[in-house]
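To keep things clear, I will list the structure first and then write my remarks on it.
Derivation of every value follows stated rules applied to the coordinates shown; laboratory data play no part. Being a predicted model, the structure only gives us computed values, none of them experimental. Here the Cβ positions follow ideal geometry from the backbone for every residue, glycine too, while neighbour counts run over all protein chains shown.
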Amino acid sequence: MITVFGSINVDLVLRAAAHPRPGETVTGAEQTRVPGGKGANQALAAARAGAMARLVGAVGNDDVAAIALSQLRAGGVDVGAVGRLDGATGLAVIVVDAQGENAIVVAPGVNRAVTAGQAAAIGFAAGDTLMLQLEVPYSEGRILAERAAKHGARVILTVAPFAPLSADDVAPATILLMNQHEAGALARHLGIGGAGANDSVRGLARALGKTVIATLGADGAVAADGNLVVRVPALAVTPVDTTGAGDAFAGVLAARLDAGSDLQTAMAAAAVAGSLATTKAGAQSSFPKSGEIDKALAAIPH
């Protein structure tokens, strides 16, 4: 069972020819409103990959709350621990350029009020997985992580949006997941030198005693766990929209680990899922199902 403690947003996606520069107005964009948020995205990605998933989070008392929960409900994610709070549902404004690259500004809304107490009735056991990100208060997420770790559950912490966490902050986590830029930033914050993502991942794994994974975009992903270094490729695709690709990776990684796969097998599936997610517009609507992932995996030359 996968429990995700995290954010729920509505994404206002603006597709434009280019990102605006400071002081510049770009017109002619197309707009859509779709469900998002790192917590919701990861829960749905895990469910699409075949896992049982539940989400702990919050939406506001506004008219976009229904949009925020629509894909989760349709995808079979348990939303029983999602609170309906006074205030605004989280909103992300995402500008996607002609190359599929995105720039994002987030207004957290009631995501700032999510508490570990919402998960008081949830039990954890060995073999379960808890997923955390940093779009809701990590002080609350850590409380839940310590409880989950105490009962033998796997704890996957996505260090995004980046925050300068200490070694003590990440103590309850089993796996740290981030992109290559976040890995470099965390390594520098902790005084770990290196010339690139590989060095950052190995240095962080040694210093923190954790499994550390960095996604590398079109170059796949790399992980370090003690003396074990794992590299997996991405699919060769033409990206349409990179929004949510990292969350697709995270959700599928958790789903495959939860199902008993080893680290390399789970990462290979996750990298394929992240690649496939970039070939469709939007975040949650782009997440592949388990069969699509397996079909793409089988087509990769070995």
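List of remarks:
- Computed extension gain for Ala29 through Arg188, at 0.36 nm per residue and net of the alpha carbon distance, reaches 53.5 nm.
- Normalising the average separation of contacting C-alpha pairs (under 8 angstrom, six or more residues apart) by the number of residues puts the relative contact order of the stretch 156-231 at 25 percent.
- Long-range tail of P(r) for the stretch 190-274 (Cα pairs > 20 Å, %): 34
- For Val82, residues with placed amide H under 5 Å, excluding near neighbours: Gly57
- Partner lysines for Lys150 [C-alpha distance under 21 Å; skip if fewer than 8 residues away on the same chain]: Lys210
- Once the Kirkwood radius over Cα pairs is known for the stretch 169-226, the Stokes-Einstein relation at 10 °C and 1.306 mPa s delivers a diffusion coefficient of 145 µm²/s.
- Once backbone amide H atoms are built at 1.01 Å from N, Val10 has Gly36, Gly90, Leu91, Ala92 as its partners under 5 Å, excluding neighbours fewer than 5 places away on the same chain.
- Intensity falloff of the stretch 1-57 expressed as log10 I(q)/I(0), Debye formula with alpha-carbon point scatterers, at q = 0.13, 0.25, 0.31 Å⁻¹: -0.49, -0.91, -1.14
- Normalised by the number of residues in the chain, the mean separation of alpha-carbon contacts (under 8 Å, six or more apart) gives a relative contact order of 17 percent.
- Distances between placed amide hydrogens fall under 5 Å for Lys280 paired with Val240, Asp241, all partners being 5 or more residues away or on another chain.
- Relative contact order %, the stretch 116-273, counting alpha carbon pairs below 8 Å whose residues are six or more apart: 15
- The chain, helix-only ellipticity at 222 nm - DSSP H runs n ≥ 4, -39,500 (n - 2.57), divided by all residues, nearest 500: -9500 deg cm²/dmol
- Burial ranking of peptide ranges 137-145, 265-273, 171-179 (average Cβ count within 10 Å, highest at the top): 265-273, 171-179, 137-145
- The string of couplings for the stretch 172-180 from the Karplus curve (6.51, -1.76, 1.60, θ = phi - 60°) is x, 7, 8, 10, 9, 10, 6, 8, 5 Hz, one whole number per residue in order, with x for Gly and Pro.
- Each eigenvalue of the Cα gyration tensor of the chain, multiplied by 5 and square-rooted, gives one semi-axis; in descending order these are 26, 24, 20 Å.
- Per-peptide packing, taken as the mean over residues of other Cβ atoms within 10 Å, places 232-238, 2-8, 190-196, 218-224 in the sequence 2-8, 218-224, 232-238, 190-196 from highest down.
- Hits among lysines - C-alpha to C-alpha of Lys289 under 17 Å, sequence gap 8 or more where chains match: Lys280
- Spherically averaged projected area of the stretch 58-140 from its Cα convex hull (nm²): 7.4
- In sequence order, the stretch 130-139 has phi-based couplings of 10, 10, 10, 9, 10, 9, 10, x, 6, 4 Hz under the Karplus curve 6.51 cos²θ - 1.76 cosθ + 1.60, θ = phi - 60°, and Gly or Pro positions carry x.
- Hydrodynamic radius of the stretch 125-225 by the Kirkwood approach over all distinct alpha-carbon pairs: 13.5 Å.
- In order along the stretch 14-30, phi translates into HN-Hα couplings of 10, 9, 10, 5, 8, 6, x, 7, x, x, 9, 10, 10, 10, x, 6, 9 Hz, rounded to whole numbers, per the Karplus curve 6.51 cos²θ - 1.76 cosθ + 1.60 with θ = phi - 60° and x for Gly and Pro.
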